[in-house]
Amino acid sequence: MQRLAEYIDWVKANPRRCSRWVRLAVERYEKDLEKSRTSWPYRFDSEKAEKFIRFTEMLKQYKDQWAGKPLHLEPWQVFVFANVYGWVRKDNGLRRFRKALVFVGRKNGKSTMVSSVLIYDCMTTPGAEGYCAATKRDQSKIVWESVAQMVRQHPTLNS
C-alpha cells in the first residue's frame, strides 16, 4: 500500500493544502491503526484494499482522450477506497464500512468511482444490489452507461 502511505505522508507534510476533513480522516486512520493492535474489533487488511484497487485499475476509461486506457486511481482515491475496503472485523473478516459519503467536486471522476464500486461489489458480494440515485435521470444514466462501457471493454467481464 505504497500509494496509501505516500498520500498520508503528503497530507501530514502539507496541512495547509488539505481541508480540515481530509486531515481528520488521515488522523482517524492512523489512530485506528494503533487501536487495531489492541483488543479493538477491527484490523486493516491491506490485501483486501489492494484487491479492490487492482480490480479497479484493470477497468478501462471509455470517454474522451482517455478512452480505452486503464483507470489510474489518484492518491486521494486510493485513500478513500483503502479505508472502505481495507478495514475488516477481526472475528469474521467482514467489512467495517458498508456505507461511505464522499464529497467530490465537479469533473473529478465521481461517475467512474461509483461505477467501479458497483461492478466490484456486484461481482464479489453474494446477492449484492447496486443503486445510483441522482437529482435528474440523466445524471444516474451517466453512471449506468459508465458501468456498461467498462464491462463491455473488459475481456473477462464481457464474456
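Read-outs throughout are calculated quantities, based only on the coordinates presented, and are distinct from any laboratory measurement. Small disclaimer: the values here were computed from a predicted structure and weren't measured. Virtual Cβ from ideal backbone geometry, glycine too; neighbours counted across all protein chains shown.
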Which residues qualify? For L73, with a placed amide H closer than 5 Å and at least 5 residues away or on another chain, they are none
Cα-based Rg/(2.2 N^0.38 Å) for segment 68-147, rounded to two decimals, is 1.18
Need the C-alpha centroid separation for segment 67-102 versus segment 112-159, integer Å.
16
Would you kindly state how much longer the chain becomes between K12 and K136 on full extension, computed as 0.36 nm times their sequence separation minus their alpha carbon distance, in nm to one decimal?
40.8 nm
For the residue pair C122 and N92, what label-to-label distance in nm results when each label sits 7 Å from Cα along the Cα-to-beta-carbon direction?
2.6
Just to compare against my own numbers: the Cα pair-distance distribution for segment 27-77, 10 Å bins, whole % per bin, please.
22, 34, 24, 15, 5
From the phi angles alone, apply the Karplus equation (6.51, -1.76, 1.60; θ = phi - 60°) to segment 7-24 and give each ³J(HN,Hα) in whole Hz, x where the residue is Gly or Pro.
5, 4, 4, 5, 4, 5, 7, 10, x, 6, 8, 10, 6, 4, 5, 5, 4, 5
Using the Karplus equation 6.51 cos²θ - 1.76 cosθ + 1.60 (θ = phi - 60°), what ³J(HN,Hα) coupling, rounded to whole Hz, does each residue of segment 80-89 give in order, writing x for Gly and Pro?
4, 5, 4, 5, 5, 9, x, 7, 9, 6
Pseudo-spin-label distance N158 to S39, built 7 Å along Cα→Cβ, given in nm, is 5.4
The chain - Rg and Dmax from Cα coordinates, angstrom:
16.6, 49
The lysines whose Cα lies under 16 Å from the Cα of K90, excluding any fewer than 8 residues away in the same chain, are K35, K48
Counting only helical runs of four or more DSSP H residues, what would the 222 nm mean residue ellipticity of the chain come to if each run contributes -39,500 (n - 2.57) and the total is spread over all its residues?
-17000 deg cm²/dmol
